[in-house]
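One structure below.
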Amino acid sequence: MGESSKDSIKICGIILAAGEGKRAGGGKLSRDIQGKPMLQCVVEMAVQSSLDDVLLVTGYERNLGEKIAKRAGIRSYYNADYPLGMSTSLKLGISKVPQGISAVVIILGDMPYIQRETLDSIIDLHKTTRSKIIIPVYNGKKGHPVLMACTYNDEIYNISGDRGAREIIKKHVDEVVYLETGDPGILQDIDY
């Protein structure tokens with residue numbers, strides 16, 4: 001049997017794990033969550049999901065990120081420009097996405113409570129509806145991870161500073177699909 005068009009859509013997760021975590025007193029990705037580093041929880045969730053590919057962008061806590069990526073069997077890339085803000089990590093991640101990927105899911109390394117089912121629902125929604133931007137919602141509040149079609153890559157290369165994909169989402173509000181979830185983890189980043 002030939003692949004259905006749904007199977008031919010490939011989605012890559014980009015885990016952004018380069019920041020210093022200043023608001024949390026620095027070095028938060030190594031903080032212990034249920035007996036393991038927070039970043040490891042995020043990576044394991046992404047690897048166990050239905051993503052076709054996962055890559056990690058490291059920075060401030062490079063050694064930790066590279067170790068976790070190696071153990072999980074995913075690629076990691078060091079962003080030397082991480083002090084210049086999240087946009088530099090997003091651009092580096094986008095530049096490393098392999099050919100043939102139709103969308104990326106931007107996953108923040110400091111959000112260990114996102115449920116894998118939530119990520120899988122976002123992926124499935126894109127594969128069935130071809131929605132270009134998907135944002136999960138919990139109790140009326142928008143959260144992460146956010147899916148963006150690769151058609152926006154050129155626009156991502158033009159953002160700067162500590163802005164992520166928010167600028168592009170604002171410009172393409174008519175393309176956004178909100179996915180209601182029962183997952184409070186989409187809102188919980190770890191800033192003590």
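The values are calculated or read from the model by the stated rules, or taken from the named source; none is laboratory data. Since the structure is predicted, the reported quantities are computational estimates derived from the model, not experimental observations. Here Cβ is always computed from backbone atoms with ideal geometry, including for glycine, and neighbour counts include all displayed protein chains. For accessibility, only protein heavy atoms count, side chains too; no ligands or nucleic acids. Shrake-Rupley method; radii C 1.70, N 1.55, O 1.52, S 1.80 Å.
Observations
- Residue-span extension gain [Ser50 to Asp81] - 0.36 nm each, minus C-alpha spacing: 8.1 nm
- Estimated FRET transfer efficiency when R0 is 35 angstrom, pair Gln188-Asn63 (beta carbons, to 0.05): 0.85
- Electrostatic dipole magnitude of the chain [Cβ: Lys, Arg +1; Asp, Glu -1; Cα centre; debye, to 20]: 300 debye
- Computed with the Debye formula from one identical point scatterer per Cα of the range 17-58, without solvent, the log10 of I(q)/I(0) at q = 0.15, 0.33 Å⁻¹ comes to -0.41, -1.11.
- Solvent-accessible area per residue, Å², over the range 57-164 with all protein chains present [probe radius 1.4 Å]: 46 Å²
- Taking only protein heavy atoms and a 1.4 Å probe, the accessible area of the range 108-168 is 42% carbon and sulfur.
- Which labelled figure in (i) 10.9; (ii) 11.9; (iii) 14.4 is mean projected area of the Cα convex hull in nm², once derived from the coordinates: (i)
- Compared with the direct C-alpha span, the chain from Thr129 to Gln34 gains 30.6 nm at full extension, assuming 0.36 nm per residue.
- Cα-based shape type of the range 19-117, given that a ≥ b ≥ c are square roots of the gyration tensor eigenvalues and the cut on a/c is 1.5: oblate
- Computed on protein heavy atoms with a 1.4 Å probe, the accessible areas place Tyr113, Tyr77, Tyr152 in the order Tyr113, Tyr77, Tyr152, largest first.
- Anisotropy class of the range 67-113 from Cα gyration tensor, a/c 1.5 cut: rounded
- The charge dipole of the range 51-93, taken about its Cα centre with unit charges on the Cβ atoms of Lys, Arg (+1), Asp and Glu (-1) only, comes to about 160 debye.
- For the chain, the longest principal axis of the alpha carbon atoms and the long axis of helix 62-72 meet at an angle near 50°.
- Between Gly85, Gly93, Gly27, the residue with the greatest mean-square fluctuation in the GNM of the chain (Cα pairs under 10 Å linked by springs) is Gly27.
- Helix 86-95 axis versus longest C-alpha principal axis of the chain: approximately 50°, rounded to the nearest ten.
- Computed extension gain for Lys171 through Lys96, at 0.36 nm per residue and net of the alpha carbon distance, reaches 24.6 nm.
- Proximity of backbone amide H atoms, modeled 1.01 Å from N, is registered between Val177 and Ile133, Ile134, Ile135 at under 5 Å, excluding neighbours fewer than 5 places apart on the same chain.
- With all protein chains modelled, accessible area of Cys41 [1.4 Å, Å²]: 20 Å²
- Solvent-accessible surface (1.4 angstrom probe) belonging to Lys22, in square angstrom, nearest 10: 150 Å²
- Between the helical axis of 38-48 and the longest alpha-carbon principal axis of the chain there is an angle of about 30 degrees.
- Derived scalar couplings between HN and Hα for the range 114-131 equal 5, 7, 4, 4, 5, 4, 4, 5, 5, 4, 5, 4, 5, 5, 8, 10, 6, 4 Hz in order, rounded to whole Hz, by the Karplus curve 6.51 cos²θ - 1.76 cosθ + 1.60 (θ = phi - 60°), x for Gly and Pro.
- 3J(HN,Hα) along the range 148-164, derived from phi through the Karplus expression 6.51 cos²θ - 1.76 cosθ + 1.60 where θ = phi - 60°, amounts to 9, 5, 5, 5, 8, 4, 4, 5, 4, 4, 9, 8, 9, x, 8, 9, x Hz, with x in place of Gly and Pro.
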